[in-house]
Amino acid sequence: MSSERGLLVVLAGPSGAGKTTLARHLEAGGRSFRFSVSTTTRPPRGGEVDGSDYDFVDDAEFTRRVEAGYFLEWAVVHGHRYGTSRAQVEQSLGNGRNIVLDIDVQGAMNVRQRMPGAILVFVMPPDMGALSSRLSGRGTESADLVGARLAAAVEEIRWAGCFDYTLANGSLPETFGAIDDIVSAEAVRSRPSPYTGDPVFEPEALKGGEFWMGRRVVVTAGPTRECMDDVRFLSNRSSGLMGCELARAFMESGARVDLLLGPCCSPPPAGASVSRFESAAELEALAGEHVRGADLLAMCAAVSDFRPVHRIGGKIAREDAAGSIEIEVVPDILAGLGAACPVLAFSLEAGPGAEERARRKMSSKRASAIFLNRADMPGVGMESAANEGALLFPDGSSVQVGRGSKRYVAACIAAALGRRLAGR
Ligand code: 5GP
């Protein structure tokens, strides 16, 4: 192992997805993984060993441990309390030993906040049928409890996008191979995960995404470029990542997505139908073609607000430039489009009065919602991996989206807009 500190691997996902089997596989493998034994108030099941499967305690003892700061995280899962021992995790990592946690999604998000180096792996059941038979097949829960765990699984799966890895747990040898590969790669990783800083689990945040199932969404992303001559252009710092993640969020909610992507390096999500543009005029023409019959136009592209009045062929000589480059304001694309479908607009604002300006934009663009993000906060916005902001609606209401990876923020926006358009 090349890292001095051990790796902290968090396996989360619905119960019955096979996390414990994977955790035990790591423990038995050659990478000196320790299994983090959680404390729980759940009564032991037949065959479970106190101190090895769980530390089984009563309510009073659990409360005592909470008050003593014993837990790195703890949560109520299916009506019982479960918690991860802080000392076990810190001792392992400090001694250079790897440790694996088998916990629920809220626990995983909380660990990420407290231990930013944690590697979050979402263990996905192959399908709900298989999950149901695994849960019933254990014979340890009543039909009611199996039903409750299946319902909880649907909620947990929404969070898969906030994890570093998702493993579909179908064939065991393949899944073992995949987790071994993840651990090998993470042991030599030199850059931090792009998803650190995702917020504490917020159970309501991703509800509503199902609204997009079977719908068609047009997402625009990236900057525009306005050429002065054949080599120079006016543009902005947009990386296109927010729009690409938004396209992914709609797709993961079941929508068909047309992604209109400007000149940037952010990778579009697999499965989106991608068309490229360079200037605002090209974007407007593409959007006009694609928006017909769409259920939503999400205008995430950062249009360069200014452009040279004339494009000059060749390369303008330095000595000819002063006074010869005339600049004009780029007309509002939405106004030109007259989209018949709901529009999600974006507003990047700096300084005081940001919400007021964003609300004015929303009404002039006749948008159904506008996402207000800031250009004056360190660590978020253009060229960064994170974002935060507020989704504003025309009736004066808003949904706050806490700081997190752009993938997380995009999923929150798609869900909140879904709730809104579904009338919830
Ligand atoms: P089970 O009762 O089936 O053993 O576990 C129920 C759920 O609680 C599983 O999803 C399991 O991963 C989760 N869990 C187990 N230990 C912990 C813990 O320490 N913290 C949290 N947040 N969840 C846990």
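Taking into account only those residues within segment 93-106 that are in a loop (DSSP other than H, G, I, E, B) and over 26 Å from the mean Cα position of the chain (by Cα), which is nearest to the ligand (Cβ to nearest atom)? Working first, answer last.
The initial filter retains those residues of segment 93-106 that are in a loop (DSSP other than H, G, I, E, B), namely 95-97, 103-104.
Narrowing further to those that are over 26 Å from the mean Cα position of the chain (by Cα): 95-97.
Details: 95: 21, 96: 23, 97: 18 Å.
That would be 97.
One residue alone among 210, 245, 282, 289 is buried (at least 21 other Cβ atoms within 10 Å of the Cβ), assigned to a helix (DSSP H, G or I) and either not hydrophobic (A, V, I, L, M, F, W, C) or not assigned by TED's automatic domain parsing to the domain that holds residue 389 (or both), and that residue is 245. Among the listed residues 253, 239, identify the single one that is in contact with a Cys (Cβ under 6 Å, 6 or more places away or on another chain) and in the same structural domain as residue 318 (by TED's automatic domain parsing). Criteria check complete, one pass: 239.
Quick check on my filter: what residues within segment 49-70 are of a type in the set (D, E, K, R) and either under 20 Å from residue 120 (Cα atoms) or away from the ligand (no atom under 15 Å from the Cβ) (or both)? Break it down into steps so the answer makes sense when it comes.
First pass over segment 49-70, keeping only residues of a type in the set (D, E, K, R): 50, 53, 55, 58-59, 61, 64-65, 67.
Across segment 49-70, the qualifying residues are 58, 59, 64, 67.
Answer with yes or no whether residue 275 is polar (S, T, N, Q), farther than 21 Å from residue 217 by Cα and assigned by TED's automatic domain parsing to the domain that holds residue 234. Working first, answer last.
On the way: polar (S, T, N, Q): yes; farther than 21 Å from residue 217 by Cα: no; assigned by TED's automatic domain parsing to the domain that holds residue 234: yes.
No; evaluated as a whole, the condition is false for this residue.
Looking for something assigned to a loop (DSSP other than H, G, I, E, B), away from the ligand (no atom under 11 Å from the Cβ) and at pLDDT 95 or above - is there at least one such residue anywhere in segment 71-92? The answer is no, given that none of the residues of segment 71-92 is assigned to a loop (DSSP other than H, G, I, E, B), away from the ligand (no atom under 11 Å from the Cβ) and at pLDDT 95 or above. The strands (runs of 3 or more DSSP E) located wholly in segment 293-406 that include 1 or more residues which are without any contact (Cβ under 8 Å) to a residue 60 or more places away in the chain occupy 327-329, 343-349, 369-374, 386-392, 398-405. Entry remark, segment 276-300: residues being hydrophobic (A, V, I, L, M, F, W, C) and within 18 Å of residue 255 (Cβ to Cβ) number 8 in total.
How many residues are closer than 30 Å to residue 154 by Cα and of a type in the set (D, E, K, R) if we restrict to segment 51-94?
Let us first name the residues in segment 51-94 that are closer than 30 Å to residue 154 by Cα, namely 52-59, 62-63, 66, 71-86, 89.
Now narrow it down to the ones that are of a type in the set (D, E, K, R): 53, 55, 58-59, 73, 81, 86.
Residues flagged as closer than 30 Å to residue 154 by Cα and of a type in the set (D, E, K, R) within segment 51-94 amount to 7.
Taking segment 15-48 as the range and being within 16 Å of residue 168 (Cα to Cα), assigned to a loop (DSSP other than H, G, I, E, B) and among the polar types (S, T, N, Q) as the test, only 15 passes. Among what's in segment 44-74 and is in contact (Cβ under 8 Å) with a residue 40 or more places away in the chain and in contact with a strand residue (DSSP E or B) (Cβ under 9 Å, 6 or more places away or on another chain), pick the residue that is surrounded by the most Cβ atoms within 10 Å (Cβ to Cβ). That would be 73.
Tell me the residue from 399, 343, 409 that is modelled with pLDDT under 95 and surrounded by 14 or more Cβ atoms within 10 Å (Cβ to Cβ), please. Residue meeting the stated conditions: 409.
The values are calculated or read from the model by the stated rules, or taken from the named source; none is laboratory data. These figures come from a predicted structure and were not determined experimentally. Using ideal geometry, Cβ is built from the backbone for each residue, glycine included, and neighbour counts are taken over all protein chains shown.
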